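Chemist: Handing you this structure, nothing more for now.
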Amino acid sequence: MPATDPRPLRADAQRNRDRLLDAAVRAFAHEGTEATLGAIAKDAGVGIGTLYRHFPTREALVEAVYRSELARLHDAAADLLRSLPPEAALRTWMDRFVDYMTTKRGMADALRAVIASGGNPFAQSRDLLMAAISTLLHAGEAAGTVRSDIAPEDVLAGLTGVSLAAGEPAQRDQAGRLLDLLMDGLRRRAPGVPG
């Protein structure tokens, strides 16, 4: 069903759509443009007709996956803060950002095709990412664990750099070490302690 249809989906249809999005994330992250719609439908446990009912074109599926992953990443900030201390929530969210960028990298060619067909999957990306980072930074500042002079734009640039330098699945350990370094730079220091 196209995203513009205002009718809510039945529970079973919503489950199918969610399974298709999850399967597509896995496929695009591991196979990139080689991922087939048939394989995605099979991994989701649905028929190809069900996939096409929800996503009439490959571009529609790609755009829905991208938007879904972006929304999950945005929503994760508040979810993590409900269950973890602010500093741990921020560090965990950073890992999720790298995962998001890995998926996005696997979808790069497909996203270009979406743009070429007139779509704009990136319309809200920066705003949603900045909102999530700001939420996490403010919580850390309030807890006294994160510096108060950090611009969310700088954190986003740092995370993007880590993702570009070590965003392949085989580089996950290195990405973790780089994220730890970034966290060290964000931490509030006791007065008189060198940074």
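The values are calculated or read from the model by the stated rules, or taken from the named source; none is laboratory data. These numbers come from a predicted model, not from an experiment. Please note: Cβ atoms are built from the backbone with ideal geometry, for glycine as well, and neighbour counts cover all protein chains shown. In case anyone asks, the SASA skips ligands and DNA or RNA and just uses the protein heavy atoms, side chains included. Shrake-Rupley method; radii C 1.70, N 1.55, O 1.52, S 1.80 Å.
Chemist: Restricting the calculation to Cα positions, tell me the Rg (one decimal) and the Dmax (whole number) of the range 1-90 in Å.
Modeler: 14.9, 45
Chemist: Another question about this same structure. Could you work out the Rg to Rh ratio of the chain, with Rh taken as the Kirkwood radius (inverse of the mean 1/r over all Cα pairs)? Numbers along the way, then the final one.
Modeler: Details: Rg = 18.6 Å, Rh = 18.1 Å.
Rounded to two decimals, Rg over Rh is 1.03.
Chemist: Here is a follow-up. In degrees from 0 to 90, rounded to the nearest 10, what is the angle of the helix 172-186 Cα long axis to the longest principal axis of the chain?
Modeler: 40
Chemist: Still on this model: Using a Debye calculation, one point per C-alpha and no hydration shell, please list log10 I(q)/I(0) for the range 87-195 at q = 0.23 Å⁻¹ in order.
Modeler: Values, matching the q order: -1.28.
Chemist: If R0 is 41 Å, what FRET efficiency do you get for A170 and R10 from their C-beta distance, rounded to 0.05?
Modeler: Values: r = 41 Å, r/R0 = 1.00.
Efficiency computed from Cβ-Cβ geometry: 0.50.
Chemist: Roughly how many percent of the accessible protein surface of the range 126-195 is carbon and sulfur, given a 1.4 Å probe and a whole-percent answer? Walk me through the numbers on the way to the answer.
Modeler: Details: 2120 of 3860 Å².
Roughly 55 percent, rounded to a whole number.
Chemist: Take the Cα radius of gyration of the range 41-95 and divide it by 2.2 N^0.38 Å, with N its residue count; two decimals is plenty.
Modeler: Working: Rg = 15.9 Å, N = 55, 2.2 N^0.38 = 10.1 Å.
This ratio for the range 41-95 stands at 1.58.
Chemist: Quick one: check the C-alpha center-to-center distance for the range 102-144 versus the range 42-77, whole angstrom.
Modeler: 16
Chemist: If R₀ is 22 angstrom, what is the calculated FRET efficiency for the pair E141 and R105, using the beta carbon separation as r and rounding to 0.05? Before the final figure, lay out the partial values.
Modeler: On the way: r = 31 Å, r/R0 = 1.43.
With a Förster radius of 22 Å, E is 0.10.
Chemist: In debye to the nearest 20, how big a dipole does the chain give about its Cα centre with +1 on each Lys and Arg Cβ and -1 on each Asp and Glu Cβ?
Modeler: Numbers: 24 positive and 25 negative charges, 70 e Å.
Once rounded to the nearest 20, the dipole reads 340 debye.
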